[in-house]
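Report on the structure given below.
The values are calculated or read from the model by the stated rules, or taken from the named source; none is laboratory data. Since this is a predicted model, take the numbers as computed values, not measurements. As a convention, Cβ positions derive from the backbone with ideal geometry for all residues, glycine included, and neighbour counts pool all protein chains shown. Just so you know, the surface numbers come from the protein's heavy atoms only, side chains and all, with ligands and any DNA or RNA stripped out. Shrake-Rupley method; radii C 1.70, N 1.55, O 1.52, S 1.80 Å.
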Amino acid sequence: TKNSTGAVVTIKNINIVFNGMALGFANDDQYPHQPMFNLQTGDVTLDNVHVTYTGEYAVAIEGSTGGTNISDLHPPFIQANGSANIKINNCEFIDTNTKGIKTYGIYAVGASTTVTVTNSKFDAYHVVNQSKSQQIVSFTDCELSAKNAILSGVGTVGITDTSIDLSD
């Protein structure tokens, strides 16, 4: 999913299972991840969206950035890399892959992007990976479970009335 400038997007009441993901895109843009939701601009609301990532059919494409080892894959559930105002409410993003793929819950790289998460659950290798020093992502009344870290990268993440599980 990729949205365009000025868009107002609402995604509600759906269940999605992703079982693939490749190390590189099919076009000339090579990245070591392939986002499930690529949210760049506009006002985006995800409400009662349940996403499971199995990685069952994930492959590494030879010559792509990041090498060919499947454990180098790190697909984000949500990539926020522009100026989007993203609101996530009553959602679940769950990683069940057994291939060692390192999922990001939210990959936030846009300087003017905001991601506000309420009453939701994230279970990923890194719940948030962000590249900006200011707070981009905030969680309120959520459940966060990480196989490695809640925050990978730089900056701070707002966390209020939220449970954190790092037992994996």
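Here's the yes/no breakdown for (1) in a loop (DSSP other than H, G, I, E, B); (2) at pLDDT 75 or above:
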position: LYS12; (1), (2): no, yes
position: VAL17; (1), (2): no, yes
position: ALA26; (1), (2): yes, no
position: PRO35; (1), (2): yes, yes
position: THR45; (1), (2): no, yes
position: ASN48; (1), (2): no, yes
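Restricting to the stretch 121-139, give me the number of residues that are surrounded by fewer than 21 Cβ atoms within 10 Å (Cβ to Cβ), under 10 Å from GLY153 (Cα atoms) and not polar (S, T, N, Q).
1
Would you confirm whether or not the stretch 127-134 contains a residue that is more than 12 Å from the chain's Cα centre (by Cα), aliphatic (A, V, I, L, M) and modelled with pLDDT under 95?
no
Considering only residues that are among the β-branched types (Val, Ile, Thr), open to solvent by 20 Å² or more (accessible area, probe 1.4 Å) and in a loop (DSSP other than H, G, I, E, B), look in the stretch 72-120 and name the one that is nearest to THR10 (Cα to Cα).
VAL109
Select from the stretch 58-71 the residues that are at pLDDT below 70 and assigned to a strand (DSSP E or B) and list them in ascending order.
none
Would you point out which residue out of LYS99, LYS132, LYS147 is touching a helix residue (DSSP H, G or I) at 6+ places or on another chain (Cβ under 7 Å) and under 24 Å from LEU73 (Cα atoms)?
LYS99 is the lone residue from the list that is touching a helix residue (DSSP H, G or I) at 6+ places or on another chain (Cβ under 7 Å) and under 24 Å from LEU73 (Cα atoms).
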